[in-house]
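The structure appears below as C-alpha cells.
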Amino acid sequence: MTAREAALAAGVTAATLGLQVARHVDSIRGYRVPPLPAFDAFVYVAMAEHPRVFTVAPWGHRILTPWIASILPGGPALAFPILTIASFALACILLYAFLRRLRARPWAAAAGTAAFALSPPVGELIAAPFLVEPLACALLIALLLALEADAGLAVLALLAILGVWAKEAVVLFLPLVFFARRAPQGRALRDVALVMGAAVLAFVLLRVVWTPDVRTPIPDLGSERFRLIAASVANEPARWVSVLALGGFLPAALLGALRARARPYLRRYGWFVPATLAQPLLAHYAIQQVVGEMNRYLLYAVPALVPLALMAVDRLVPAFEPPAEIRETLASRRLARLAAAAAGIALLAPLLLVDRYGRADLQGRRDGLYILGFCRGTLNTARKLRDGTAVLFRMDERRFAPSGFEPEVFERMRWFLREGWGPAPWYGTDEALMQSDRATLVLPCSTPAPIELTLAMSATTDLPLHVAVNGRAVGDGVVETGRTRLRFDVPADALYRGDNVLELRAAGAAAASPRLYAIAYSPAGR
C-alpha cells in the first residue's frame, strides 16, 4: 500500500468513525463506571481494574482487551472508549489493505471501508464502548489479510492466539486457514492443525494455569435451544429481518455472491457464514438474549461481506482491477522469526503474568453491579489485611440498593454476604438476618497469616454457633438475646490466597432469627 493509499485509508477511517462517534456521543458520555451498557461490560471493567486476577467464567478468560485498557490513561471510563475506537480504526485500515489485496480499486476499497465503519454493528458497539468485540474483529480482519498475503504459519498462529485471548469465539473462524491456504490439501490440513493447535493450547493453558478449579459452563445444545430460536423468529420476524439485513449489507452481498467471479472468494472465505451463525447457537446463556445481542455476533461477518457487496457494484461500475501476475507475500524469514517469538511469548504469558488468587465461583449471577462490587471489595480487603490493617464491616453503614444507584455509594454493598442470608443479601438495606441453619461469608486473603475474627450478633433466644473456615472448625460460641461479641482465631494454615469461605452453623437459626451487626477481620496481634 503506497503512502497515498495509506492517507486515503486513514482519511476515510477518520471521517466515518468520526461520524459514528458524533452520532453516539451522548450514549458514550452517559456511561460511568458504573452504570455500564451490559453485564459483560461490568466484568471487563473489573478485569481492567485488576487485570492479573480472575473475575468470572467464561468472560474472565477474555483477557486481551481489559489488559490493554488497564495500561491506558484515564481509567476504564476513558480507556475502553479509546480502545474501542482505536480497534475499529485498526480494523478499517486492515480491511482496506485486505480489499486492495483482492484487487479492489482504491475508490472501491475506500467505499467498502466506509461502509464497514458505518454499519449497524460498528455503530452499536461504539455506542456501548466497553466490550471485547471491536478488538476481536480487528484481529479476524488481520487474519484475512495474512491469509490473502500468504503469510507464514508463525504469523497465523500469533493472530490465532491473540484472537482467542480477545474472545474464544475466534476459534470458530480458524478453519479459514484450510480453505484459504494456497497449498496441496495435505499441507492445508497440516497448516490448519498447527494454527488451531496453537490457539487451543493458548486457550487451555490460560485456564489450567490461572483457574484450574473453575469449570467454564458448556452451552446446552438440546432441542429446546433451537425451539426458542424458531419461536423468536416467528414472534419477531420484522426485527430479525432488520437485524440480519445489516443496513443493506446482506442483500448487496447476496447479489454479489450470485456472480461467477465470487466463486473463488466464497471457496476461500465462505466459512465466515457458518462460523458467524454458530456463535449464538453456542452462547453460554439463555437464547432469549441472542436477538438483542445479534449485532455483536454479526459484526464478524461484515468484513467478509464487504467484498461480495463490491462484486455486486462491479456489475455496474468496474470495482476490481485485473488479476496481478505477481503476488507479493508477507512471508520472510525475519518476519517468521519475529512472529514465532511473539507467539511463544503469548503462550508463556499466562505462566508469567496472571495472579492465581482463588476467586469464589460467581457463575450464574448475571448481575454486573454485584460482580464489580464483589471483585473490588475482596481485593481491597485482602490488600488491607496483607498490609496489617484491620477491616470492619458494620451492617448499619452497609445499605445498598441497585435502584437509584449512584457511584459514590458503591462501597456500601454487602458483597461479603453469601448463602443463608436471604435472596441477594448484598443489596440489603434492612437487618442482616441469618435465614437458614448454615450461612456463609467471604474472608479475602492475599497472604495467609493468622486472622482474628470478631462477630457482633444477637438472636431472639440463646443460640449455639459453630464457626469454620474452608471446612476447618475455628471455634464455637453462643449468640445471646442481647448484642453478643464473639471472637475466634483463624490460623494461617486454614487459609489460602483467595476468597476463603467463612461458615456459620446454628441449628434452629430460622426460628431464632440471628442478626448480624458487624464483622471484623484483624491481623493477629494488631
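The values are calculated or read from the model by the stated rules, or taken from the named source; none is laboratory data. The model shown is predicted, which means the values in this text are computed figures rather than measured ones. All Cβ positions, even for glycine, are placed from backbone atoms using ideal geometry, and neighbour counts span all protein chains on display.
Can you tell me how many residues within region 494-526 are within 26 Å of C375 (Cβ to Cβ) and either out of contact with any helix residue (DSSP H, G or I) (no Cβ under 7 Å at 6 or more places or on another chain) or acidic (D, E) (or both)?
Step one: list which residues in region 494-526 are within 26 Å of C375 (Cβ to Cβ), which gives 494-504, 516-523, 526.
Then drop every residue that is not either out of contact with any helix residue (DSSP H, G or I) (no Cβ under 7 Å at 6 or more places or on another chain) or acidic (D, E) (or both), which leaves 494-504, 519-520, 522, 526.
Within region 494-526, residues that are within 26 Å of C375 (Cβ to Cβ) and either out of contact with any helix residue (DSSP H, G or I) (no Cβ under 7 Å at 6 or more places or on another chain) or acidic (D, E) (or both) number 15.
A quick yes/no check of all residues on (1) closer than 28 Å to C375 by Cβ; (2) over 27 Å from the mean Cα position of the chain (by Cα); (3) of a type in the set (K, R):
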| residue | (1), (2), (3) |
| --- | --- |
| A9 | no, yes, no |
| V12 | no, yes, no |
| A15 | no, yes, no |
| R23 | no, no, yes |
| I28 | yes, no, no |
| P34 | yes, no, no |
| F42 | yes, no, no |
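Is at least one residue of region 137-151 closer than 22 Å to L99 by Cβ, assigned to a helix (DSSP H, G or I) and in contact with a Ser or Thr (Cβ under 8 Å, 6 or more places away or on another chain)? Checked against the condition, which is being closer than 22 Å to L99 by Cβ, assigned to a helix (DSSP H, G or I) and in contact with a Ser or Thr (Cβ under 8 Å, 6 or more places away or on another chain), region 137-151 yields at least one hit.
Restricted to region 422-439, and to residues there that are in a loop (DSSP other than H, G, I, E, B) and either outside the structural domain of L465 (by TED's automatic domain parsing) or under 30 Å from the mean Cα position of the chain (by Cα) (or both), the residue that is surrounded by the most Cβ atoms within 10 Å (Cβ to Cβ) is G428.
Scanning region 381-396 for residues that are among the polar types (S, T, N, Q) and exposed (fewer than 14 other Cβ atoms within 10 Å of the Cβ) yields a single hit, T389.
Within region 357-402, the residues that satisfy the criterion of being in a loop (DSSP other than H, G, I, E, B) and more than 25 Å from T211 (Cβ to Cβ) are D387, G388, T389, A390, R398, R399, F400, A401, P402.
Okay, residues lined up against (1) outside the structural domain of P58 (by TED's automatic domain parsing); (2) at pLDDT 80 or above; (3) aromatic (F, W, Y); (4) assigned to a helix (DSSP H, G or I):
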| residue | (1), (2), (3), (4) |
| --- | --- |
| T276 | no, yes, no, yes |
| H284 | no, no, no, no |
| G292 | no, no, no, no |
| L299 | no, yes, no, yes |
| A304 | no, yes, no, yes |
| L308 | no, yes, no, yes |
| M311 | no, yes, no, yes |
| L316 | no, yes, no, no |
| T329 | yes, no, no, no |
